[in-house]
1. If you take the charge dipole of the range 226-325 about its Cα centre, with +1 on Lys and Arg Cβ and -1 on Asp and Glu Cβ, which of G287, H306, F258 is farthest toward its positive end?
2. Note down the net charge around K37, summing +1 for each Lys or Arg and -1 for each Asp or Glu among other residues with Cβ under 15 Å from its Cβ.
3. Hey, can you rank 267-280, 233-246 by average C-beta count inside 10 Å, highest first?
4. Pop a pseudo-label 7 angstrom from the Cα along the beta-carbon direction at both Q124 and A371 and give the gap in nm to one decimal.
5. Calculate the FRET efficiency for E362 and S216 from the Cβ-Cβ distance with a Förster distance of 22 Å, rounded to the nearest 0.05.
6. Please say if the range 262-390 is rounded, prolate or oblate, where rounded means a/c under 1.5 for a ≥ b ≥ c the square roots of the C-alpha gyration tensor eigenvalues, and otherwise the choice is prolate for a/b larger than b/c and oblate otherwise?
7. Would you list which aspartates and glutamates come within 18 Å of K678, measuring only between C-alpha atoms, while excluding same-chain residues fewer than 8 positions from it?
8. At a Cα cut-off below 19 Å, give the aspartates and glutamates reachable from K406, other chains included and same-chain residues fewer than 8 away excluded.
Amino acid sequence: MCDFLMALGGGDEVGASAYYLSVDGIHILLDCGARLKGEELYPDYEKLLYEMNDYSELDLIFISHAHYDHIGSVARIASLAPNAEIITTEATKRLIYAQLLEFGRISGRRESDGIKNERYRKAQLLMERIRTKPVMQPFVRHGCKFTMMPAGHMPGAVMVYMETQQRNLLYTGDFSLTSMFGINEMKLMEDIHLDVLLMNMPNAYQEKEVWDRVISGENIWKTKSSYNRLKEVIQKQLQRGNKIYLTSRSIPKHLDLFFFLQAFFPEVPVYLEEKSQKVADILSEMGYQVYGPNIHIAETISGKSHIIVGQEENREGCVAVLFDQYSLHASVSEALMLIRKLAPETFYLLHAHPAEGKLSPEYALRILLPATQVVQVRNGEKNYLKRREKMKYHQIYQAVMEAERKVAENQLREEQKGKVKTTGEWLAIYGSLSYPGLHPHDVYDKLQRISGRHSCISYEEYCRCLHSVNLDSEERRRYVLSIVEEGTGLLKKALDGKKEAVLQFADFTGNLDQRDRKNGKYYFIGKYMVIFMILQDPDLKNSSYRSIAYTFGARYCNRVLRTIRDQLIKENGLNRKRKSAKDVLVATESVLSESVKAEKMATGDAYEQLLFKYHNCKNSLELVQAMLDELNETVDETAAEAKNTAIASFYVKMNSETYGHLLDSMELVERRITDLKKDQIKIPPQLLPLTIVFKQLMKFIRESGITPIDRTGREFEAEVEMLEQYTYIGEPFQCSEEKKKVVVEKPGWKYGNIMISLPTVREKEE
């Protein structure tokens, strides 16, 4: 499986933060928020079921802080994912509990004792699931190291630092570089090395003029935070003799509110309405210093200028100010400062609503940090994560693709007429794999914007291409994507040098043309996968390989994957199970038979029937051609294998006792001739022709692929376990730890990976 990030909510919006991360086979959810309004209050958790068999496979849930847009669906996802470990700080856990337990009472809703008891029971069960971790203390889960770091923003808020096998990631949550009234401060680990930054930045989209000022080094919000601006608004009204009605409906925001009043208005009378008094009591019980000498109960309001704290929309005779719209988010200057400090390879922008006519941080980072790739995350779309290190056998992949690129470019020059058609096919496949859940019309519009000159087909033609490659339904698109991701993941593990993955990839390439029996068509897995590799996978894609995607059909793509497979098998010295020629012929017959059955099932008018028959014939022909290639490959490999076996058998006999161990004898003669020359002993003239014959024979043997395993005369000390690959002559070993001096008497021989004879060692006499 390819590692990726997907926003279930809170990607290209501010609210319902929930970010699904799949890394190293671990399923992680970062935050589980909700929206305050709209038809869909919760994140789209159903999308998780496209990536796992069941919610129970979700491993970890991290909660960055206790604001509603980050915790609003914690109870829902906790009930769906019973096995997931929920992790946060102690302060955030207590604030979650307060909100779950006290919501009904604080909101003033009338609830029966039964509802209250059920609410209490569910809150208690959830609290038992939540595990708290201290900040700045790493811990390990599922082979990955995690560290929570203070994020500022509010008490208990954290960033989550993840150190995985292939990359280091940091999820910021909501953060602030500025301390909130002296009670919390953002703090990073020393020597942090970052590959991927997942940053919440609700104020990301700004006018060009703003970014230009930030780029120039002007921190335009440093001296005037949102709370400073709120302070000015309230001061002006109090100076005019007006009364302020300061409202908030959030328990965590009440905490901000009380700290704000203590910091900026310690001498101004503050009156609490009943509901806000209950919130103050809860926060006070949790250990927060929210009460001061200037805070009173609302029933005893004096006539002079004052501030009333409540939860209604307004109050007669007062100037209403909504506190919830103010928060301690980092300014764009501060956010940019943090990005430059961390210098990630890839920056994923979250929790930000793209605004028409405004620019994202990409505008500034192109100038200040050009090596960093900026990606605006959108809800429901996959963002594949790039590895830190190249694969061990990446050169094998590059060599194969480079060879195919040259072939493809020649085809492009020769076949200009087919360019539009094949472009349509790769666009259909690329669009389907990139946006499997979107309607084809929406995908087509996206492709029109990103494909440039290559998008030269109409929407009608695009739909016909979707039908041709069997990707004209969401179900089929998601099914194909899951197989392609699996195959690509196996390929990358194989390129890492993992022998088990090489064999698994070999099995995968044995079934690249899968039957869609329900639809009466085929899935061309090889073709889909090659396009995915070239255009999407961050570790394998290369713009210079695009010509392959434009021109190659299913049979070519199958051959590309099998060529890579064969190179990997050879490099790792493995043998794979191959289909027999009979198996391939039976499969070919099945293709033709099912193709005929499908044609008989064609429906619609004459044109639709003809179109169906055309596509059916085309697909069947491609499959038959692919199977013909496989048949030729099987026959060639079988012939090569028979040849190798025959050669090996010949040399086995040649080196047997029956024929006087000829290989060993020739090696012995060659070695002695070499020794004579070294000792400057002149060989008699009558023997010179014989030495020439021996040299020619040894040259022939080595060029035939016959190589010695060891060197005659080599002496070494060995335990019995070290001699498992030798024929040993001498007294038996008394124990496994006993060591004996041995000398190589016969070198042993092999042909490729086929053993001809084991080397022989003799115990050396003292």
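Derivation of every value follows stated rules applied to the coordinates shown; laboratory data play no part. A quick note: this is a predicted structure, and the numbers were derived from the prediction, not measured. Please note: Cβ atoms are built from the backbone with ideal geometry, for glycine as well, and neighbour counts cover all protein chains shown.
1. H306
2. On the way: positive: R35, R249; negative: E13, E39, E40, D69, E313, D324.
Neighbour charge sum, excluding K37 itself: -4.
3. 267-280, 233-246
4. So the label points at Q124 and A371 sit 5.6 nm apart.
5. Values: r = 18 Å, r/R0 = 0.80.
Between E362 and S216 the formula returns 0.80.
6. Values: a/c = 2.97, a/b = 2.68, b/c = 1.11.
Verdict is prolate for the range 262-390.
7. E667, E670
8. Within the straight-line limit of under 19 Å, K406 reaches these aspartates and glutamates: E414, E415.
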